Each structure stands twice: as C-alpha cells, then as structure tokens.
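The values are calculated or read from the model by the stated rules, or taken from the named source; none is laboratory data. Fair warning: this is a prediction, and the values are worked out from it, not measured in the lab. Cβ: placed from backbone, ideal geometry, glycine included. Neighbour counts: every protein chain shown. Keep in mind that these areas ignore ligands, DNA and RNA; they rest on the heavy atoms of the full protein, side chains included. Shrake-Rupley method; radii C 1.70, N 1.55, O 1.52, S 1.80 Å.
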Amino acid sequence: EAAVTQSPRNKVAVTGGKVTLSCNQTNNHNNMYWYRQDTGHGLRLIHYSYGAGSTEKGDIPDGYKASRPSQENFSLILELATPSQTSVYFCASGDGLSLEQYFGPGTRLTVL
Amino acid sequence: GDKVKQSPSALSLQEGTNSALRCNFSIAATTVQWFLQNPRGSLINLFYLVPGTKENGRLKSAFDSKESYSTLHIRDAQLEDSGTYFCAANNAGAKLTFGGGTRLTVRP
C-alpha cells in the first residue's frame, strides 16, 4: 500500500486559473512537505507543515499557498496559475523525530 | 553557491563495475538522505544517515559531518541501478536541502 499518494497525477491548467494539488499520507507522520522539481534543479521546498493547522514557508513560497486540514492531508494551492509554475510537484511526509522523509509519486502540472 | 553539491553530475558505467558518488555540504548537515529517482520519476529512499556508515546489498553510504561530505558507493552495477541519485541534507528544523543530482547510466 502506497503510504504517500498525490492527486491528480497529471493536470493541465490555464493561466490565471486556480489549481489545487492534494496529498494524503498514511504514515502517521507529523511533518508534510511540498517540493517542485524542474529540469536542471534538484527538489526545491515550497511549503511544509508540522501538523494539522500549521503551514510554513519553504525556500520558494511565492505564488503558492498551502493547507493542512488534518494529519493525513496537505494541499498546495495556486490561486492564479502562471506558465512559470509548470513543473513536477512532489509531496512528502516526514517523521517528526528523525526527520526522514518519504515521497509521493509526483504530479505533473502544465500551465498553458 | 550551492549548499549541497553533488559530483559527478553524470556518470556512465559498464555493468558489473563499481563507482562512488559524492556530496559536499556548505551547511552544517546533521543527517543525510540518499534517494534514487528511477526512470519513471519515483523517488526511492536508499539511505538515511547520521554520521557513520550504512550498507544495503550492493550499496554502501557514509556521512562525515566534521568534513561535511557524504558518499554513495555502488558495487557490481546493474542495469536497474540507472537513474538519478540525489543526496539531501538536514541542518536545522524539519527541512531538507537537495543537491542537483547525479545521473547514472549503466551500460550492458
């Protein structure tokens, strides 16, 4: 059973539209993360959370919001999508003590 | 500059040979993770390290926090080892900082 799942797996959006990417984890981890991966870069942290109700800015938060309504779910929200946000987005959950992270399968987002 | 620098950026190996990948840190890393991103794009956990070494089958990894580097050794490379290897360091709080990756191709 996959412990970190993401939906949708692929998404095409229009410029200026709203996009919501969803992540669910069954690891019972306190911490959750959203990254993006672009060609020529490793993974870059957008937002993260220490638990339900908490969201923190990562290294590249501009243009993104996050929501953590429960231990299991963490969403990434693009209120006004732009073509520069075309990327592959990964969600991860992390153990609150060791900080080891486990990744979902990724969501490929194309903004036209 | 890059806080986590991986080398080499790309590597081609003959099946059955050995190699080593390296990460150098300009941050005070406390733990390190190594991942393999396979050709389908999935990120597979290979190692989670505090200072020291770990071994798993044909893979062995070391992390030296005083000298600020980590290595991943691949022994008897197989075709299924192909992909991009990432190291990531934790230095404070819950965040990981990723290197740029090493793209490995194993040739038959």
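A few comments on the model shown:
- Shielding value for B:40-48 is 4, the average number of Cβ atoms from other chains within 10 Å of each residue's Cβ.
- Debye, to nearest 20: dipole size of the protein assembly as shown, +1 on Lys, Arg Cβ, -1 on Asp, Glu Cβ: 340 debye
- The stretch B:4-107 - percent relative contact order, Cα under 8 Å, separation 6 or more: 38 percent
- Principal axis analysis of the Cα atoms in the protein assembly as shown yields extents of 50, 39, 36 Å, listed in decreasing size.
- Which of B:A20, B:Q78, B:S7, positive extreme of dipole for chain B (C-beta unit charges): B:S7
- Between B:K3 and A:S7, the modelled labels are 3.4 nm apart [label points 7 Å from Cα along Cα→Cβ].
- Placing a label point 7 Å from the Cα of A:E79 along the Cα-to-Cβ line, the residues of the stretch A:14-51 whose backbone N sits under 15 Å from it are A:16-20.
- On full extension, the segment bounded by A:K57 and A:T86 gains 8.5 nm, given 0.36 nm per residue less the C-alpha separation.
- Within a Gaussian network of chain A (alpha carbon springs, distance under 10 Å), most fluctuating of A:T15, A:T39, A:T26: A:T39
- Accessible surface area normalised per residue over the protein assembly as shown is 48 Å², counting heavy atoms of protein chains with a 1.4 Å rolling probe.
- Selected from B:Q33, B:Q78, B:Q14 as most flexible by GNM, with chain B as the system and alpha-carbon contacts under 10 Å: B:Q14
- Sites listed here are trypsin sites (Lys or Arg not before Pro) in the stretch B:44-94 whose DSSP assignment is loop and whose Cβ has at most 11 other Cβ atoms within 10 Å: B:K66.
- Interface between chains B and A: roughly 1500 Å² of accessible area buried, both sides summed (probe 1.4 Å, protein heavy atoms only).
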